[in-house]
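For reference, the structure is listed below as structure tokens.
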Amino acid sequence: MPKESAHKVFVKMHKREQEVSMSSREVNMSFHRIQLLFKRRRNKMAYAHVQMFMEKLKQLIYSNDIPVINNPSIICERPQFQLLYEELGSMIQIFFNHEDQDLHNFEEVRKLKKRFKAAAEEAEDIVDIFISSVHVRNNGYFTISDVFQTSLNLEDVMRSIKSIKVEFMTTRIDNMKIDSSRRTESAAGTSNPTNSLGSKKVLEEMVVGLGGDVVQMQSAGTSRSRSALGSKKAVEGMVVGINGDAEIIRDKLVEDGKHLDVVSIVGMGGIGKSTLANKVFIDPYVVYHFHVRGWVTVSQTYDKRDLLIQVLSSIDDQLELEKATDSQLHKMLHRSLYHQRYLIVIDDIWSTEAWDKMKLFFPDHNNGSRILLTSRLNEVASHAKSHGLIHHLQHLTDEESWKLLCQKVFQGDECPKWLVDPGKQIAKNCHGLPLSVVVMAGVLAKETRTKDLWLKISCRFHSYIASDEKGCLETIALSYDHLPLHLRDCFLYLGGFPEDYKIYSPWLLWVWMAEGFIQEDGSRSLEEIANGYLMDLVDRNLLIVEELYILGGVSVCKVHDLVRQVCVEKGKEERFFLKIDSPPSNRLFGIIGKQNKKLRNWKKVITTNKPRRVVTYQEINIKRLSPPPTPSIRAFVCLHWETTIIHNISKFFRSFTCRRVLNPEKFLCSFALLRVLLLEKCESNDFSPGLALLVHLRYLDIWVSSFPQSICNLWNLQSLGIKTSSRSMVLPSNMSDLVNLRRLYCNADLYLPSIGKPMKLLEVIRKVVLGDGVDNFQKCFPGIKELTTTLYSDEENDFEVLHHLQALKLIGSGYSRRRSVEREFLRGEPNLGKYHIRFPATLKELQLIMCGLPWSDMSIIQSLPNLEALLIKDNGFEGTLWKTGEEQFQRLKVLKLKKLNIKKWEASSINFPCLKELQVKDCVNLGEIPLELGDISTLEYIVVKNCGVSLLESVQKIQQEQDDAGNYELKISVDGSYMPSCEPNHDD
């Protein structure tokens with residue numbers, strides 16, 4: 001359709017009689033109204049991708065300083081962008097205003113929301129394809145496809161959005177009629193409410209013996225009690241590895257405190273929380289200690305009546321409960337617990353709201369009553385009792401897994417010798433998850449006991465796990481079903497990684513942001529919100545923390561294989577990504593094309609069936625790709641080393657650079673909409689300027705020999721990671737064209753000779769050195785929060801002007817540098833002169849490496865009011881004596897000293913009032929750690945590695961003094977092993 005005709009259609013659709021006004025005041029008012037909607041409700045995260053698209057539309061409408069979009073072909077389409085922006089905002093407002101309403105046809109509404117999400121994605125595809133087309137032509141290339149046109153037509157997708165709006169409002173009217181009718185019937189006395197017990201299903205079987213042995217528990221309201229859980233033999237016969245956990249929980253429950261206390265067991269689905277709780281519940285001493293014991297299973301859905309009946313029936317199975325009113329049930333429970341020392345197990349609780357309702361049932365009579373709570377969510381446990389015991393249930397060891405597997409498979413018989421080795425491998429493959437062991441045992445118990453078959457099963461472990469739909473996957477999948485909408489895409493992304501892959505957490509957060517899963521809420525940054533999502537998955541036991549940052553944040557994480565399997569299966573169901581983890585596939589986009597064959601008439605179809613992501617750990621030949629009918633891929637992640645894919649991509653780009661004619665069936669249809677491109681494991685010496693055609697990239701990670709200047713045309717780029725074999729890399733002066741760049745990482749020094757304008761959004765940059773054309777960091781990176789840079793002794797290093805700086809890493813060069821000679825950036829001149837450094841008050845984390853500062857300068861660092869972590873490494877400070885004096889490190893929590901020539905350290909507990917962790921490594925000349933540091937009340941860990949004998953003697957003295965003082969909380973590790981504490985054992 002011609003451009004003018006399309007505009008006329010839009011005018012009719014919106015009943016506009018005059019041309020759309022684009023005055024800055026009106027646009028800003030429109031933006032402000034819609035942004036207020038996003039800040040109004042927490043559930044807006046379900047529409048994060050729409051909000052990111054709307055931010056892009058805002059830039060297309062209003063920004064005139066971005067070269068790529070400041071193009072006449074794009075500017076003339078601003079009326080269409082404005083209409084689309086307003087229509088999307090209108091839809092968000094409608095959904096937000098009504099999403100808490102009681103919609104009787106909930107499923108229909110859910111489908112409408114799904115269609116709206118698909119329509120918004122389709123609109124974004126159309127806009128992005130249009131921008132790509134204009135950009136390609138603007139760079140002198142020409143396309144030969146009807147898909148890529150330099151005119152914009154949003155007519156069909158706008159019609160679809162309006163249709164969804166009409167259907168939704170019709171549904172609202174129908175609901176209002178139903179509500180009105182019901183109110184009328186109720187007023188007339190014709191309503192006939194059914195007994196809530198009559199509509200209840202029998203409660204699900206409760207897993208007590210780790211998956212195999214189950215105890216049937218009748219629905220709340222029956223006379224069946226929970227006495228079946230008293231079968232000690234059933235539990236002990238099938239449980240291994242939790243005796244120590246049971247003792248910890250039991251001792252906490254029966255200790256002397258008089259007030260009602262809450263003890264929590266937290267762990268992922270299938271790890272044995274209920275089993276552990278039951279083992280404690282039937283422990284003879286617990287049975288003796290508590291006068292009344294009760295058990296209630298909450299699960300995801302519950303109501304107050306059911307919970308009351310569960311507790312009462314578990315306490316006394318003779319009670320008549322079915323005919324009692326809610327008020328009578330509450331009184332009965334109160335009488336049952338009145339002045340009794342009771343233990344109530346609240347099993348499988350999923351929300352803080354559920355706890356807030358349940359805690360009202362249980363009075364505190366100051367007689368030592370206890371509540372034992374189990375949950376997958378650390379948030380729930382913390383909410384129930386922030387300072388109480390929260391016991392995180394750990395995975396089984398390989399030996400415990402093998403023992404459990406034998407118990408379940410052989411039922412007390414001995415394992416045949418020929419099955420021991422493959423059996424132990426199978427047990428090891430379960431990675432310590434009891435439910436996984438049980439599911440595998442169920443598979444093995446049904447198969448013939450031959451060595452060849454067990455070897456085959458050990459090699460094909462995960463396919464057997466996945467095939468048991470009623471086994472552990474259902475349990476773990478329950479966690480996915482219970483995830484908030486805004487976490488589901490984040491969770492599914494975990495399925496793209498190989499098994500046991502260690503995920504660098506910041507990378508994961510940046511990719512989530514680039515994909516549009518994370519959006520600002522007006523009070524927190526993208527990074528803060530994304531990190532909150534990450535910690536939410538950790539608290540839900542869906543992510544395993546592998547490594548922590550110096551201040552405790554998650555640095556590296558991984559996914560349990562079974563959790564990953566759920567991610568993969570759910571990802572396939574929802575076409576979340578196309579994963580290539582088998583040997584060579586040269587028909588990658590042939591698969592996509594087949595899946596999208598219904599999209600040939602793409603302008604008429606809105607669908608969510610397009611694969612949006614491709615992840616591969618194998619070699620693929622990109623030159624032989626069969627592309628889809630329209631662009632759809634938003635992320636391409638290659639985790640394969642030494643692949644030819646990067647060479648083929650480079651060749652791919654160069655061929656179009658030479659020909660100046662693009663075959664969209666090969667290039668644009670494959671890559672035009674990419675947001676995420678991860679190729680940092682694929683080395684390339686020559687990355688073509690054709691990379692600049694990917695204008696929608698938000699995250700780029702590459703391995704190159706020099707900085708590709710064409711990258712500066714990628715105006716959407718948020719995160720840029722560069723790996724190189726070179727020692728240094730020169731940044732182009734037009735770096736500031738990357739107006740949305742927030743993070744820049746490189747493993748080599750980055751030299752910035754000059755810069756066109758400040759990069760206001762840049763928050764993180766690693767290993768950067770300023771050239772003659774740049775006065776200071778504040779002028780080029782005014783919003784920087786995390787900075788790594790090299791120090792030169794002939795320069796002023798004024799970081800005090802960086803008012804947002806929180807983390808600073810300084811690496812001394814040992815050289816002076818004549819700034820007028822660029823080549824000396826690589827050479828330098830020998831000069832060990834003193835550095836001149838000033839720090840900002842906002843600093844929280846400081847690392848000083850090879851700086852050679854005198855210990856007398858430490859007083860400057862001690863005065864920093866917000867410093868929480870300090871690392872001094874490789875003679876970051878020089879000298880044999882460190883006197884901390886009388887000044888305090890006001891908020892310092894972590895102090896790490898490594899490879900220093902210090903011999904004597906004079907300090908007291910007064911200097912470190914908040915210190916939690918002290919590490920001293922490779923300080924072979926240091927005589928001792930000051931004994932008074934052991935008296936710091938907040939100190940939890942002392943870690944010593946590769947130090948002298950006298951220093952080891954000093955930490956032994958600290959340990960002994962603290963034991964004598966009754967401080968058994970301090971843990972001291974020497975060369976990887978914790979020193980034993982003299983804490984006395986207390987018999988029952």
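Computed with every protein chain present, the accessible area of residue 900 is close to 10 Å² [probe 1.4 Å].
Using a 1.4 Å probe over the heavy atoms of the protein chains, calculate the carbon and sulfur portion of the accessible area of segment 669-804 as a whole percent.
Numbers: 1830 of 4180 Å².
Roughly 44 percent, rounded to a whole number.
Here residue 172 and residue 66 are evaluated by their C-beta separation; at R0 = 41 Å the FRET efficiency comes out at 0.55.
Looking at segment 387-461, the GluC sites (Glu not before Pro) that sit in a DSSP loop and have at most 10 other Cβ atoms within 10 Å of their own Cβ are 414. Taking 0.36 nm per residue of separation and subtracting the Cα-Cα distance, full extension of the segment from residue 107 to residue 754 would add 227.2 nm. Heavy-atom accessible surface of segment 715-794, averaged per residue, reaches 33 Å², computed with a 1.4 Å probe.
Of the whole protein surface, residue 355 contributes about 10 Å² of accessible area at a 1.4 Å probe radius. Heavy-atom accessible area for residue 252, with the other protein chains in place and a 1.4 Å probe, reaches approximately 50 Å². Computed from label points 7 Å out along Cα-Cβ, the spacing between residue 836 and residue 340 is 7.9 nm.
If you roll a 1.4 angstrom probe over the protein chains with everything in place, what fraction of the accessible area of segment 878-981 belongs to carbon and sulfur, to the nearest %? Show your work: numbers first, answer last.
Numbers: 2340 of 5290 Å².
Summing carbon and sulfur atoms, their accessible area is 44 percent of the total for segment 878-981.
On a 27 Å Cα-Cα criterion, which of the cross-link pairs 844/873; 502/570; 779/893; 114/385; 898/971 come out too long? If you can, show how the numbers build up before the last one.
Details: 844/873 17 Å; 502/570 21 Å; 779/893 32 Å; 114/385 38 Å; 898/971 20 Å.
Pairs exceeding 27 Å: 779/893; 114/385.
Think of a 1.4 Å ball rolled over the protein heavy atoms: segment 362-421 then has 48 Å² of accessible area per residue.
The values are calculated or read from the model by the stated rules, or taken from the named source; none is laboratory data. Everything numeric here is computed off the predicted structure, so don't read it as measured data. Because the Cβ atoms are built from the backbone with ideal geometry, glycine has one as well, and the counts that use them run over all protein chains shown. Accessible surface areas use protein heavy atoms only, side chains included; no ligands, DNA or RNA. Shrake-Rupley method; radii C 1.70, N 1.55, O 1.52, S 1.80 Å.
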